[in-house]
Amino acid sequence: MTSNHVPASSGFNKPLLFSRRRFLLAGSTPKSNGRRAGHAALLSGCLTFLSLLSPSLHAQTIDDGIMLAKRSLCAGALYTHDSWDSYWQGSLQRVNGNIGTITTQTITMAANYGVTSRLDFIINVPYVWTDASKGVLHGQSGFQDLTLAAKYKLVSVPVGKFGALRAIAVLSGTLPMTNYTPDLQPLSLGTNSKTLTGRATLNYLGRRGLYLNGTAAYTFRSNVTLDRTSYYTNGQLYLSNQVAMPNLFNYGTSVGYRKNNLSLLGDFSVQQARGGGDIRPQDMPFVSNRTNFSKAGATIKVPVPKVKDLQYWFIYSNTFQGRNVGQANTFTTGLMYTLPFEKRATP
């Protein structure tokens, strides 16, 4: 069956890969010592950038319940390592020995600014490189998608003498920073889709450190343009270079302890794509495959001794259930500083 219309299907950033001729097209980059040296130089540059910042800390993320104080700048660098050697083809879990282990590494330069005690702006700039441990296919490297977000504290309500309950709204978006190909999954840098996300977060922080956080988000995604004039997905041939990306629904919870810049949390998160087809048997994945997953993990944020307000982050997650995604182990590590320009308010 053919159609000139694009399908309402789903994107998968890092699915499976099979050996087909098309994977050798569209910007594959050779494995080389020069590329690895470039990555090392970039990491060195990020750490040098960190050393130039001055401290004072309430580091935050888009989905947590933490707000910066007015006129505080928090910035730093984070390194993420994601790898998997088994995946879900639809709901069937399997291994593809032709490609071995898929590894995605990311260095993210992150900065948050407290405009007021209720409004924060957030920016993330990721540099990504991918690799397959077996086969003839080469990974990709380059800047991925710029993230911009506005985070607003709607209300903060005292809960007796025990703590405070906050409601937070976030509006965020992403823009591809380079013209990378989305048609080389799972070695593409991403999906190359523009996104707009609305998020709501409910957070409780007790005076003795009890931390409870619940968050939910809905993401709208733009069409993706391919370097070809037709494609087959979800049981249909489409005579177009435009691929409709399904929207995404995400939710998650975190429970643990947070006090005096120390955070010890357990995390759980779920993503559900609002459409899309499955990876076909013995076929490559497609950028708009339905990508659902459930993850569990932990977050540790600790102050660095003898360096005022410097904070070290370590975040781990395991994808224990999914559809058209890899069964990935992911960790993130890095350092964050905050630069206060006036006395901070109590968080």
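The numbers here are math on the coordinates, done by the rules we state, and not lab data. Just so you know, these numbers come straight off a predicted model, no measurement behind them. A quick note on method: Cβ atoms are made from the backbone with ideal geometry, for glycine too, and the neighbour counts reach across all protein chains shown.
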Requested in this report: For segment 189-336, just the Cα set please: Rg and Dmax, both in angstrom.
Outcome: 19.3, 62
**Report entry** Sorted peptide list for 112-121, 282-291, criterion being average Cβ within 10 angstrom, highest first
**Finding:** 282-291, 112-121
Report task. Could you let me know the centre-to-centre spacing of segment 215-240 and segment 62-112, using Cα atoms, in angstrom? Result -> 23 Å
Query raised in the report: In what order do Met109, Met245, Met336 fall by count of nearby beta-carbon atoms within 10 Å, going from fewest to most?
Result: Met109, Met336, Met245
Query raised in the report: If all Cα-Cα distances of segment 124-261 are sorted into 10 Å bins from 0 onward, what percent lands in each bin, rounded to whole numbers?
Result: 10, 27, 27, 19, 11, 4, 0
Requested in this report: Using per-residue counts of other Cβ atoms within 10 Å, averaged over each peptide, order 201-212, 316-327 from highest down.
Outcome: 316-327, 201-212
